[in-house]
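S.K.: Once you've had a glance at the structure underneath, I'll fire off some questions.
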Amino acid sequence: MSTVALTINGQEVTVPKGTRLLDAATGAGFFIPTFCHDENSPNYGGCRICVVEVKGARNLVASCCAEAMNGMVVETESPAVVEARKTILELMLANHPVDCLTCDKAGDCRLQDYAFRYDVKAPALGGERKDYEFDDSNPYINRDMNKCILCAKCVRTCQEAEDRGVISLAYRGFRTKVAPALDASLAESACVSCSRCVSVCPVGALTYKSLSGKTRTWEVEKEEVTCTWCEAGCQFDLLRKNGKAVGVVAKSPGNGRPLCLKGRLGLELKYNDEPMTPMLKKGDEYVEVSWAEALGLDELVEKLK
Amino acid sequence: MGNLKEIRSSIEEQYKKRMDRPRIVVGLGTCGIAAGGNKVMDAINAEVEKLGLDVDVDFTSCIGMCYAEPVVEMGLPGQASVIYGGVYPDNVSKLIESHLVNKTPVTDMAEIQVTGGAAAYEGIPVMEKSPYYEKQVRSVTSRLGRTNPESIEDYIATGGYAGLEKALSMERQEIVDEVKKSGLRGRGGGGFPTGTKWQFVYDAVGDKKYIVCNADEGDPGAFMDRSVLEGDPHAVMEGMMIAGYAIGADEGVIYCRAEYPLAIRRLNLAIEVAEEMGILGENIMGSGFNFRIRIKAGAGAFVCGEETALLNSIEGKRGMPRVRPPFPAHKGLWQKPTCLNNVETFANIPFIVRNGGDWYASMGTEKSKGSKVFCLTGKINNTGLAEVPMGITLREVVFNIAGGISDGKQFKAVQSGGPSGGCLPAEQLDLPIDYDSLISGGAMMGSGGLVVMDETTCMVDVAKFFLNFTQLESCGKCTPCREGTKRLLEILERICEGKGVPEDIDTLERLAKTIKTSALCALGQTAPNPVLTTLRYFRDEYEAHINDKRCPAGLCSALLTYSIVEDKCVGCGVCIKACPVGAIAGEKKSAHTIDASKCVKCGACVPKCKFDAIVQA
């Protein structure tokens, strides 16, 4: 395999040809923040927080997209880079509720982490903020589009799974938002509640309804569990608070691991001491169902009787 | 058709015969139609029938003198053709009677005459010597206003498809070399060398390649591409076909904005007729070269003029830019190598192939060759389309071609390059128009819109206008553009409302810098330019708004105050009646006063006062 040699922050780095700058830099131990970068759908380049300075380039370069080239001289924390990142964070916070005190995502939020790292305080830029209605229409997923930073990871992961593609970017300019078809609520959409979107959201825009207000992220211990419903073997995290299982959440979907509601519900029932109430969509509405029905075991249970 | 050469001579002969008959030609570009050209056409047909005249009545596209529309040309055998401006149904009969029946041109309505070797009439400027055209060249616009754009015969008779014929006899690399030699740079705004781009696509490995024509012209005040598409659709197609042959593509797509229905109609017609004649389709002119062209109508997003967003849109995706590299030359439409140029670039190609790259490179400056079409709009006397050699100065364009500032006002700035460009002040008027000079001045060539502003224009307001545009048209994908342009706009709005604070200028500059250096695509990277150039050249206006709460141009209504000059006021009471909010009071025959707390600064009183007693400051 051919390699390329470049200089990152004064350090000589050699990586396989085709390596992204982001991976070359993080591999060498340097930190680069990312919001929109997703290994499963790379080269999006939307949030711009990962920009770095490449000597000779006219503008800053998105390291999640740019390929490492021989002889490149890269700075990942130069004054220009830091200024750009701070401004981008400032712009994000200016259009965000900044309600970290009560946010379920606090402690596990990239926006919060990067604001801390780059010392960006509460919004210095005033002006209009988005003001969307909180969408808790789906029994499993809470959507707060006021917290969305439009990294579009959820859109991309939803489109990757066959027969999904439920959400997309809608509108233009400042009004751009992630929305299901016709900008309907999630419950009205064709969403199958697989939670792929929740698993990739870097901020508090998409959260689990069952965990809302129950735990702080730093209070829980995570244990990786693998779903055995089908051959995909999707991975989930079992969350424990004070030793007691409180919920099961999806880990990022991998190649051929689609994630599904049935898988998550099955693990809930298996591990959670107080499992949530299963709900399924019948017609246009979500209704409470028995565990046997939720897991598609009606027939089997009948025969076992 | 096996050989175009065989029928070309007969088409040329017929064309010559037609040119040597009495004829009336109505300008029916979108501008002509908007000015009432179709009604003029009806009136002419009725008049010709009434008088039983043996006259051909035809139509053409916009010749460029939009300020004179509706435009009608009249010609007699062996005589110069006269182009009349301001022709309406009520003066049609006078024109026909005088020019065609009595053979006396109506000089006071004549704009120019085209001699074509014949003797010129007295008292009418000859086109090449007329103020509007003297400094222009007519290359890529040579057929505009001169031929029927819906007639392939007119196109062929004026040298059309000769470039394709020649290209088909050349080696493919030879064509690319000729385009390189011409020095042609992308006319859509970026200015990337066309020949180099073609070489990339030529060299790119792929079983399938595409030609894509960017006809998504969206800059406010720009209509060059529309004029070329409406006036010479075959030239754009011929350019695409030559490109297709040269780089090895058999399919072309024209991405044209749906707001150009006439352009789309004429293109569709041109495609249909060219296919019928075997100029387009399978085995073109027996050469073995196949090429198809289809049109994709855009849905109205400005950002789709950005090449990668345009490709996404053709593929049926949301019009959002892709990260470059990979460039379209390597991974373009459907991830295949794609040669993507704009309308004017393609329209130049047939001329370059026919006349040679050296001919084209003889026009223009060292780094910007050839000619460029500009749209002249704003506070000028002659609004219209002008093709000029690269290197001409802004002053020549504004004061010679455009005829200077209208209503005797003072020149303030010229905006070049649309929302991505900048405003250049009077001291930059001698800047030569070429890619690099305009960028050094803080503006850019853009697609060719030139908006001229006079002393009554507020430059903060101009920046606000453009930021409002880019904010609405931002695709929303990247943070700096989506969020940053919004904050720039809000600050500008505040300043115009008199709520600006001194730190605002620093914040504008800081935000502008981040947007410029870190936005994803060219739309975002250039979006702050209107703010940066107005700050560079008109900083005093920003300071006046912020520090003195004053709009020097007298435009920002929140900053205006109205008062009545006691000595001038006769107490007639007209202003009292004109005021919609009852802010003016006073006894009859004694000086009136304006209550500033009630005044909504609508300005309605000012024109009503016959004694100029109300002043705005």
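Throughout, read-outs are computed from the coordinates displayed, never taken from laboratory work. Every value quoted in this text rests on a predicted model; they were computed, and no experiment measured them. Because the Cβ atoms are built from the backbone with ideal geometry, glycine has one as well, and the counts that use them run over all protein chains shown.
S.K.: Distance between Cα centroids, segment A:75-90 to segment B:263-280: provide it in whole Å.
M.R.: Rounded to whole Å, the Cα centres lie 52 Å apart.
S.K.: Could you give me the ³J(HN,Hα) list for segment B:328-338, computed from phi with Karplus coefficients 6.51, -1.76, 1.60 and θ = phi - 60°, whole Hz, x at Gly and Pro?
M.R.: Using θ = phi - 60°, the values come out as x, 4, 9, 10, x, 5, 6, 6, 9, x, 9 Hz.
S.K.: A further question on this structure: Under a crude label model (7 Å from the Cα following the beta-carbon direction), how far is B:Leu555 from A:Val225 in nanometres?
M.R.: In this crude spin-label approximation the distance works out to 6.6 nm.
S.K.: Same structure again: Once you charge only the Cβ atoms, +1 for Lys and Arg and -1 for Asp and Glu, what is the size of the charge dipole of the protein assembly as shown about its Cα centre, to the nearest 20 debye?
M.R.: 1280 debye
S.K.: Sticking with this structure for a sec: Please report how far the C-alpha centroid of segment A:1-53 lies from that of segment B:490-546, rounded to the nearest whole angstrom.
M.R.: Taking the Cα centre of each part, segment A:1-53 and segment B:490-546 sit 32 Å apart.
S.K.: What's the magnitude of the charge dipole for chain A around its Cα centre, counting Lys and Arg as +1 and Asp and Glu as -1 at the beta-carbon? Answer in Debye, nearest 20.
M.R.: Dipole magnitude for chain A comes out near 480 debye.
S.K.: Quick check: residue separation of B:Arg294 and B:Lys317 times 0.36 nm, minus the Cα distance between them. What number comes out in nm?
M.R.: 6.5 nm
S.K.: Then there's this: Quote the charge dipole size of chain B about the Cα centre in Debye, to the nearest 20; the model charges only the Cβ of Lys and Arg (+1) and of Asp and Glu (-1).
M.R.: So the dipole magnitude of chain B works out to roughly 1360 debye.
S.K.: Can you order the peptides A:56-68, B:121-133 by their average number of other Cβ atoms within 10 Å per residue, highest first?
M.R.: A:56-68, B:121-133
S.K.: In the protein assembly as shown, if the dipole is taken from +1 on Lys/Arg beta carbons and -1 on Asp/Glu beta carbons about the Cα centre, which of A:Thr76, B:Val228, A:Gly29 is farthest to the positive end?
M.R.: A:Gly29
S.K.: Moving on to the next point. For B:Asp506 and B:Lys610, what does the FRET efficiency come to when R0 = 51 Å and r is the distance between their Cβ atoms, rounded to the nearest 0.05?
M.R.: So the FRET efficiency works out to roughly 0.60.
S.K.: For B:Asp203 and B:Leu472 in the same chain, what is the full-extension length gain: residue separation times 0.36 nm, less their Cα-Cα distance, in nm?
M.R.: 93.0 nm
S.K.: Reachable lysines from B:Lys166, Cα under 25 Å, same-chain residues fewer than 8 places away excluded?
M.R.: Reachable lysines: B:Lys5, B:Lys16, B:Lys180, B:Lys181, B:Lys197, B:Lys208, B:Lys209, B:Lys369, B:Lys372.
S.K.: Quick one: in the protein assembly as shown, what % of C-alpha pairs are over 57 Å apart?
M.R.: Of the Cα pairs, 23 percent sit more than 57 Å apart.
S.K.: Another question about this same structure. Provide the FRET efficiency to the nearest 0.05 for the B:Lys39-B:Glu276 pair, computing r from the beta carbons and using R0 = 30 Å.
M.R.: Result of the calculation: an efficiency of 0.40.
S.K.: Here's a follow-up. Along the Cα-to-Cβ line of B:Lys577, 7 Å from the Cα, sits a label point; which residues in segment B:593-617 have backbone N less than 14 Å from it?
M.R.: B:605, B:608-610
S.K.: Once you put a point 7 Å from the Cα of B:Ser362 and another 7 Å from the Cα of B:Thr196, both along the Cβ direction, what distance in nm separates them?
M.R.: 2.6 nm
S.K.: Which loop-located trypsin sites (Lys or Arg not before Pro) does segment B:295-327 contain, where loop means any DSSP state but H, G, I, E or B and the Cβ has at most 14 other Cβ atoms within 10 Å?
M.R.: Of the trypsin sites (Lys or Arg not before Pro), the ones in loops of segment B:295-327 whose Cβ has at most 14 other Cβ atoms within 10 Å are B:Lys317.
S.K.: Can you compute the label reach from A:Ser41? Point 7 Å from Cα along the Cβ direction, backbone N cut-off under 16 Å, restricted to segment A:129-151.
M.R.: Within reach of a label on A:Ser41: A:149-151.
S.K.: Another one. Kindly point out which whole DSSP H helices in chain A project their C-alpha atoms 20 angstrom or further along the helix axis while averaging a Kyte-Doolittle hydropathy of 0.5 or above.
M.R.: Length and hydropathy pass: A:79-94.
S.K.: Can you compute the FRET efficiency between A:Glu77 and B:Ile439 using 1/(1 + (r/R0)^6), with r the Cβ-Cβ distance and R0 = 30 Å? Round to the nearest 0.05.
M.R.: Efficiency for this residue pair is about 0.50.
S.K.: I want to verify a result. In a Gaussian network model of chain A, Cα cutoff 10 Å, which of these has the top mean-square fluctuation: A:Val287, A:Val246, A:Val15?
M.R.: A:Val287
S.K.: Turning to a different aspect of this structure: Using only the Cα atoms, work out Rg/Rh for chain B, with Rh taken as the Kirkwood radius, to two decimals.
M.R.: Radius of gyration relative to Kirkwood radius: 1.02.
S.K.: Among DSSP bridges having both ends in chain B, what percentage is antiparallel? Round to the nearest 5.
M.R.: 55 percent
S.K.: For the pair B:Met19/A:Ser2, report the inter-label distance in nm, with labels modelled 7 Å from Cα in the Cβ direction.
M.R.: 5.6 nm
S.K.: Sort B:Glu455, A:Glu83 so that the residue with the fewest other Cβ atoms within 10 Å of its own Cβ comes first and the one with the most comes last.
M.R.: B:Glu455, A:Glu83
S.K.: List, largest first, the extents of the alpha carbons of segment B:164-267 along their principal axes, each in whole Å.
M.R.: Cα extents, longest axis first: 38, 25, 25 Å.
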